[in-house]
Structure formats: structure tokens, C-alpha cells
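These notes are about the structure you will find just below.
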Amino acid sequence: MGTAALSGSIESVRRTAVWLFFRLLLPEPAVEFDDDRKRAFETHYQSMRKHPDTETVSGLSYPISEFLAYLAKHKPVLFHGTTRADIGTFEPREQTDWQGNPTEAVFATKDAALATFFAVVAREQVGMSIRNGGYLVSKPGGGTERRYLFSVSEDTGPTSLFADGTVFLFDEELFEASSCGAVGFDEWYCHQPVAPLGKLAVTPDDFPFISAVSFHSVRESLLRTMLLYRWRIRRGHTVSD
């Protein structure tokens, strides 16, 4: 196969992959930040920065998901979600990045919805298969758009799946972003111990896709889970139903 033909074949695969992600997965919730929201979110953010060691319980009159989306768009911060609230300093640990490469790092993301999912899903308490994706997908006209998938194995009971958790904020300048092609994860790494800028208490109701967590068979492939994801949601084959 010649260079031009190979290049064309790769581009065709790329376009097909992008089309599938847009077709099969859920879009990012749209949020409008009016002046009242901006003032409330700025005040709440400054309060968190003044007390980085204190877990903030939201007193906002707006959804926490909107507050975190505002920070993602307007502040140089990253997020890390966990069911633990007692972490003073995050230490690098051996783990695998989204491309399957081993690394020793602290992970964070600019994706507030994905961080909230990791904050409220009770992974330590439940032995289950979790398939999640907060993907950055290149748009044909330029730029990127977020697409989502959240699914757990069928043997998971809804009463034990979610728990209250914490979303930690980090300084974006301390992290490096992962490489991302046509489709990738919004994943950032820090290879040194890092202290958070603040932390926010969250509940399962603060996760914007709480009604869109589907079930899958542990025997099925990830591709099948993706292909059936929206269909399962429409049929009510979800944790919330």
C-alpha cells in the first residue's frame, strides 16, 4: 500500500471513530452562566481558596454540577474525585493511563462531570465492572467536544453503587496534559506530591449523568457496551430505574 493510500485509510478510520463517538455517546450538558450565577460561583470559589483544608459543603442556590462546570471553563484548576475526604497531600502512585501506559503520578482532569462520577461511585465497596468515558472528540470543523458513557455490570445493586464523596481542586500549572488525537481522555498528570487548592463535598445527586448509568454484561466487549449505551438508556436499563 502506498503512502497516500495508507494516509487515506488512516483518515477514514479516524473519521469513522469520531462519527461513532458523536453518534453513540452522550453530549456534555449545556450550561449558561448568567450574572447571578457568576457572582455566586466567584464568591464560593474564593471561599474555598481561603480554606483549602476544609471540605466545603455547598450553600449555593444553584446545582454543584454548574459550579464545577464554571470552574472548569473559567479557572486554571483541575479536578480529582474520590470517596475519601481526608487526603491532605496526594502522592504519585503506580497506575495506568488511558492509553494503557504504566506511570507513577497523581491523576486529575478538567472534566468536572467525570471527576464527580469518581467521587460518588463506591468502587472500594463494590466488586464490579465499571466502564466510564469522558472523551474529548475532535469536531470536523475544529475544536473538541465532550462525549460520555457510564455503565456498570449487571450484578451491581443500585443501593450499593453510589455514596457521598469529595471533589478536590488542583492548580492546573502543576500538571501536564496527556496527548490526545481525534479521540482521547481529558487526563492530566503530576509526578510529584501535590496539595489541593480546596475540596467540595458532593452527593450522587450532584452527578449530572446520574440517570444515565446503564448496566452491561461482564462478558461483553467495550465496543458492544458503547453500541448499546443509548439504547439501554432509552429502554430504562439503568441504575436509577
Any idea which residue in segment 162-209 is farthest from K75 (Cα to Cα), counting only those that are touching a residue at least 24 places away in the same chain (Cβ under 8 Å) and in a helix (DSSP H, G or I)?
P204
Across segment 99-120, what is the number of residues that are buried (at least 21 other Cβ atoms within 10 Å of the Cβ) and polar (S, T, N, Q)?
2
If we ask which residues in segment 209-221 are of a type outside the set (A, V, I, L, M) and touching a strand residue (DSSP E or B) at 6+ places or on another chain (Cβ under 9 Å), their number turns out to be 6
Could you look through segment 78-88, keep only residues that are modelled with pLDDT under 95 and not small (G, A, S), and pick out the one that is surrounded by the fewest Cβ atoms within 10 Å (Cβ to Cβ)?
D86
Do you know which residues across segment 193-208 are buried (at least 21 other Cβ atoms within 10 Å of the Cβ) and either closer than 16 Å to R232 by Cβ or not charged (D, E, K, R) (or both)?
V194, P196, G198, L200, V202, F207, P208
Count of residues meeting criterion [surrounded by 19 or more Cβ atoms within 10 Å (Cβ to Cβ) and either out of contact with any strand residue (DSSP E or B) (no Cβ under 8 Å at 6 or more places or on another chain) or within 24 Å of V152 (Cβ to Cβ) (or both)] in segment 167-184:
2
Which of the numbered conditions does L60 fail, given that it passes all the others? Conditions: (1) over 25 Å from G181 (Cβ atoms); (2) among the aliphatic types (A, V, I, L, M); (3) modelled with pLDDT of 90 or more.
(3)
Looking for something in contact with a helix residue (DSSP H, G or I) (Cβ under 7 Å, 6 or more places away or on another chain), surrounded by 15 or more Cβ atoms within 10 Å (Cβ to Cβ) and in a strand (DSSP E or B) - is there at least one such residue anywhere in segment 64-73?
no
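The values are calculated or read from the model by the stated rules, or taken from the named source; none is laboratory data. Treat the numbers as computed from the prediction; the structure is a model and nothing was measured. For neighbour counting, all protein chains shown are included, and Cβ atoms are generated from backbone atoms with ideal geometry for every residue, glycine included.
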